[in-house]
Amino acid sequence: MDPFYLFEDASSPYAFFGINPTLFDAPSRAERGALDWTAHSYLAWTPMDDTERRVVPLAGFSWGFNIDSASRITLQEVQALTAVDWDAHLPYLGSSHPGWVFDKWQPR
């Protein structure tokens, strides 16, 4: 959805991965026109003992910013995401990464 441009042609649905997950994103725009920009970020894992390439969601949050007509920027409040939010992304994820299986969000 918003891949790191160096890996946008990679078949992996992950933007970042590793043993100590860290998210860094610094969205920028050439112009500062009015804009409402919201991101959904998820922590997920892929079982290594499975025969499928599977993504299991663990947690998610939304964040973003708004730019008004006077070019003033305000940050959006960080909010926890739910199963409904994750499930809304499943059609896009499945069509964008057909070699992967995306699990439904399970309460933990």
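Based on the Cβ-Cβ distance of residue 34 and residue 104, what FRET efficiency does E = 1/(1 + (r/R0)^6) give at R0 = 25 Å, to the nearest 0.05?
In this case the efficiency is close to 0.10.
Taking a probe of 1.4 angstrom, what is the accessible area of residue 29 in Å², to the nearest 10?
110
If the label point is 7 Å along Cα→Cβ of residue 70, which residues in the range 21-61 have backbone nitrogen under 15 Å from it?
From the range 21-61, the list is 34.
Could you list the chymotrypsin sites (Phe, Trp or Tyr not before Pro) in the range 12-108 that lie in coil according to DSSP, counting only those with at most 13 other Cβ atoms within 10 Å of their Cβ?
16, 17, 24
Per 10 Å bin, what is the whole-percent P(r) computed from every C-alpha pair distance within the range 14-63?
Distribution as computed: 18, 42, 24, 12, 3 percent.
Tell me, what is the per residue accessible area of the chain in Å², probe radius 1.4 Å?
75
How many percent of the accessible area of the chain is carbon or sulfur, using a 1.4 Å probe?
57
For helix 83-96, report the angle its Cα long axis makes with the longest principal axis of the Cα atoms of the chain; keep it between 0 and 90° and round to the nearest 10°.
Helix 83-96 and the main axis of the chain meet at about 80 degrees.
Over the chain, one equal point on each Cα, no solvent: what is log10 I(q)/I(0) by the Debye formula at q = 0.14, 0.15, 0.16, 0.22 Å⁻¹?
-0.66, -0.75, -0.84, -1.36
Given only helices, namely DSSP H runs of n ≥ 4 each adding -39500 (n - 2.57), what is the per-residue ellipticity at 222 nm of the chain, to the nearest 500 deg cm²/dmol?
Result for the chain: -4000 deg cm²/dmol, rounded to the nearest 500.
With charges set only on the Cβ (+1 for Lys and Arg, -1 for Asp and Glu), what does the dipole of the chain come to about its Cα centre, in debye to the nearest 20?
So the magnitude is around 140 debye.
The values are calculated or read from the model by the stated rules, or taken from the named source; none is laboratory data. In this text the structure is predicted, and so the values were computed from the model without any measurement. Cβ atoms come from the backbone with ideal geometry, glycine included; neighbour counts cover every protein chain shown. These area figures cover heavy atoms from the full protein model, side chains too; ligands, DNA and RNA do not enter into them. Shrake-Rupley method; radii C 1.70, N 1.55, O 1.52, S 1.80 Å.
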